[in-house]
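Enquirer: Just passing along the structure, written as structure tokens.
The values are calculated or read from the model by the stated rules, or taken from the named source; none is laboratory data. Values in this document were obtained by computation on a predicted structure and should not be read as measured data. Here the Cβ positions follow ideal geometry from the backbone for every residue, glycine too, while neighbour counts run over all protein chains shown.
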Amino acid sequence: MILKYTNNILYCLLLLMMGVSINRLNAQPGTVVESIDAVVGNKIILKSDVEAAYQQFIAQGNYGSSLIRCQVLDQLLLNKLLLHQAAIDSVDVTDAQVQGELDSRMSYYIQQIGSEQKLEEYYNKSIPEIKEEFRPLIKDQLQIRAMQSKIAKNASASPAEVKAFFESIPADSLPYINAELEYAQISKNIPVSETEKDAVKEKLESYRERILKGEDFSTLAILYSQDGSAKTGGELGFTNRGELVPEFEAAAFKLKAGEVSEIVETKFGFHIIQMIERRGDQINVRHILIKPQVSEADIRKAGAYMDSIAGLIRSGEITFVEAAQRFSDDADTRYNGGNVLNPQTGNTRFEPDQVDPTIFFILDKLTPGEFSMPAIAQTPEGDNLYRMLLLRSRTSPHKANLTDDYQRLQQTAVMSKQNKIMEDWVQKKKKTTFIKISEDYSNCDNLKYWLN
């Protein structure tokens with residue numbers, strides 16, 4: 001059996017599982033003759049599951065081979081064993097956990113592609129439809145993670161163990177570490193004036209009155225809504241309770257079929273909503289969204305405020321960390337001293353190509369410990385904000401060493417222990433679990449482990 005925690009191929013596959021699900025949204029029917037490739041307990045692995053993961057791995061620029069297919073199925077077998085045992089041990093995840101992870105993943109993909117509208121256009125599905133495709137996969141992933149945590153929760157590595165682990169690696173086998181950087185940020189939203197908000201609400205109220213007098217909601221949405229759903233007349237498709245932002249959802253669930261809401265304010269702007277159909281805790285609504293625009297005066301005021309914060313840091317009255325905690329509007333970094341986490345790894349280190357180009361361009365001019373002047377930037381939703389960036393550290397390409405890479409080496413040492421714990425667990429559980437693998441994989445030497 002392959003080391004599940006440290007094998008690079010399988011680690012990539014785990015990271016790409018979300019991409020696999022997206023690709024399936026556009027998969028052409030009939031491309032795979034469906035069959036069952038393996039059974040683990042009461043869980044099955046379909047040929048399409050293996051093929052989707054394999055093709056996604058290739059799509060990322062990797063080379064394919066029969067060995068990779070064997071490794072793909074190896075990982076899927078482990079996942080199914082973990083899910084099977086999670087059900088037996090009553091290891092479950094809540095709907096709130098699934099929703100939180102789903103929202104986080106969607107935000108990341110929207111940020112990567114540029115906007116919700118671009119994501120919808122690329123996959124030819126609405127955001128709620130894409131989320132619904134993801135939901136079962138996300139729940140499985142969280143259950144797998146929870147089961148792994150339960151099995152290997154006691155794995156740790158002391159400084160002495162990390163040192164011993166490092167010294168056990170032959171000098172010519174030490175990994176080569178790419179250039180990396182760490183950075184922090186303070187961001188400040190640019191507030192919209194009450195005058196602009198009143199103008200937007202007045203405009204929406206005029207649309208609402210026209211609808212109440214008989215005009216078609218869908219037509220007005222196509223003409224005036226600033227949401228990606230405008231092209232479908234503002235229709236969002238069926239969504240479950242908990243999938244929409246709270247203010248929007250609270251207003252929508254109060255409506256009867258055909259009824260139009262009062263004006264609703266959310267983080268996206270101002271809406272009017274029309275109920276199309278409700279099925280228990282599922283609703284299908286259409287809406288018109290108008291986003292208030294910031295004025296030049298609002299921008300100047302926010303810029304002056306950020307300049308004053310920069311002055312306090314420069315004078316030594318407060319530190320960057322204290323300023324982030326007191327003044328930043330970014331909830332993801334505010335209580336972490338402004339430190340930005342790499343969504344691909346979960347730690348604070350970024351390789352240069354993992355940083356947004358506009359951010360990297362600023363950081364590349366800084367020395368460690370230096371911060372940039374406040375500048376206007378954009379949120380994934382397209383709203384303007386002011387942002388300051390602090391370069392915390394920068395390393396050049398080098399061979400791993402205890403001084404620069406202790407955290408990485410400690411994580412690797414812990415994963416080595418987790419590997420051993422996991423292998424012992426699998427060895428025990430596969431003896432009491434029904435496992436069958438298709439004869440199509442009879443040449444996969446790595447899979448024979450599962451049947452011995």
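Enquirer: Count, please, the residues in the stretch 69-99 that happen to be β-branched (Val, Ile, Thr), in a helix (DSSP H, G or I) and surrounded by fewer than 17 Cβ atoms within 10 Å (Cβ to Cβ).
Expert: Final tally of qualifying residues: 1.
Enquirer: Here is a follow-up. For the stretch 439-450: of the residues being touching a strand residue (DSSP E or B) at 6+ places or on another chain (Cβ under 9 Å) and within 20 Å of residue 83 (Cα to Cα), which is surrounded by the most Cβ atoms within 10 Å (Cβ to Cβ)?
Expert: 450
Enquirer: If you take the residues of the stretch 116-160 that are of a type in the set (Ser, Thr, Tyr) and assigned to a helix (DSSP H, G or I), which of them is surrounded by the most Cβ atoms within 10 Å (Cβ to Cβ)?
Expert: Among those that are of a type in the set (Ser, Thr, Tyr) and assigned to a helix (DSSP H, G or I), it is 123.
Enquirer: Could you say whether any residue in the stretch 92-102 is touching a helix residue (DSSP H, G or I) at 6+ places or on another chain (Cβ under 6 Å), of a type in the set (Val, Ile, Thr) and more than 15 Å from residue 143 (Cβ to Cβ)?
Expert: no
Enquirer: Kindly evaluate residue 261 against the criterion of being under 12 Å from residue 248 (Cβ atoms) and of a type in the set (Gly, Ala, Ser).
Expert: Answer is yes for this residue.
Enquirer: Hydrophobic (A, V, I, L, M, F, W, C) and in contact with a Pro (Cβ under 9 Å, 6 or more places away or on another chain): is that true of residue 68 in this structure?
Expert: Judged against the criteria, residue 68 is not a match.
Enquirer: Is there any pair with a first residue in the stretch 129-153 that is over 25 Å from residue 116 (Cβ atoms) and a second that is among the charged types (D, E, K, R) and surrounded by 17 or more Cβ atoms within 10 Å (Cβ to Cβ) whose Cβ atoms are under 9 Å apart and which are 6 or more apart or on different chains, and what are they?
Expert: Partner pairs satisfying both residue conditions: 148/4; 152/417.
Enquirer: Under 7 Å between Cβ atoms, at least 6 apart or on separate chains: pull out the pairs that start in the stretch 33-52 with a residue that is touching a residue at least 12 places away in the same chain (Cβ under 8 Å) and end on any residue that is part of a helix (DSSP H, G or I) and of a type in the set (Gly, Ala, Ser).
Expert: 34/48
Enquirer: Tally time: how many residues in the stretch 38-68 are aromatic (Phe, Trp, Tyr) and buried (at least 21 other Cβ atoms within 10 Å of the Cβ)?
Expert: Going through the stretch 38-68 one residue at a time, the tally reaches 1.
Enquirer: Sticking with this one: State which residue is surrounded by the most Cβ atoms within 10 Å (Cβ to Cβ) when the search covers only the stretch 218-248 and only residues that are under 17 Å from residue 260 (Cα atoms) and β-branched (Val, Ile, Thr).
Expert: 222
Enquirer: Say whether the condition of being under 27 Å from the mean Cα position of the chain (by Cα) and crowded, with 16+ Cβ neighbours inside 10 Å is met by at least one residue in the stretch 167-177.
Expert: So far as the stretch 167-177 goes, yes, one or more of its residues are under 27 Å from the mean Cα position of the chain (by Cα) and crowded, with 16+ Cβ neighbours inside 10 Å.
Enquirer: Could you run through the stretch 361-379 and say how many residues are under 25 Å from the mean Cα position of the chain (by Cα) and either small (Gly, Ala, Ser) or buried (at least 16 other Cβ atoms within 10 Å of the Cβ) (or both)?
Expert: 3
Enquirer: Out of the strands (runs of 3 or more DSSP E) lying entirely within the stretch 353-452, which hold 1 or more residues that are of a type in the set (Gly, Ala, Ser) and closer than 26 Å to residue 182 by Cβ?
Expert: Where strands (runs of 3 or more DSSP E) fall fully within the stretch 353-452 and carry at least 1 residues being of a type in the set (Gly, Ala, Ser) and closer than 26 Å to residue 182 by Cβ, they are 375-378, 384-395.
Enquirer: Identify, by number, the condition in (1) of a type outside the set (Asp, Glu); (2) surrounded by fewer than 17 Cβ atoms within 10 Å (Cβ to Cβ); (3) in the same structural domain as residue 40 (by TED's automatic domain parsing) that residue 419 doesn't meet.
Expert: (2)
Enquirer: Could you tell me which numbered condition residue 299 fails, if it satisfies all but one of (1) among the β-branched types (Val, Ile, Thr); (2) part of a helix (DSSP H, G or I); (3) surrounded by 16 or more Cβ atoms within 10 Å (Cβ to Cβ)?
Expert: So the condition that residue 299 fails would be (3).
Enquirer: Let me ask another. Within the stretch 313-340, take every residue that is of a type in the set (A, V, I, L, M, F, W, C) and assigned to a loop (DSSP other than H, G, I, E, B) and give me the one that is nearest to residue 379 (Cα to Cα).
Expert: Only one residue fits best here, namely 340.
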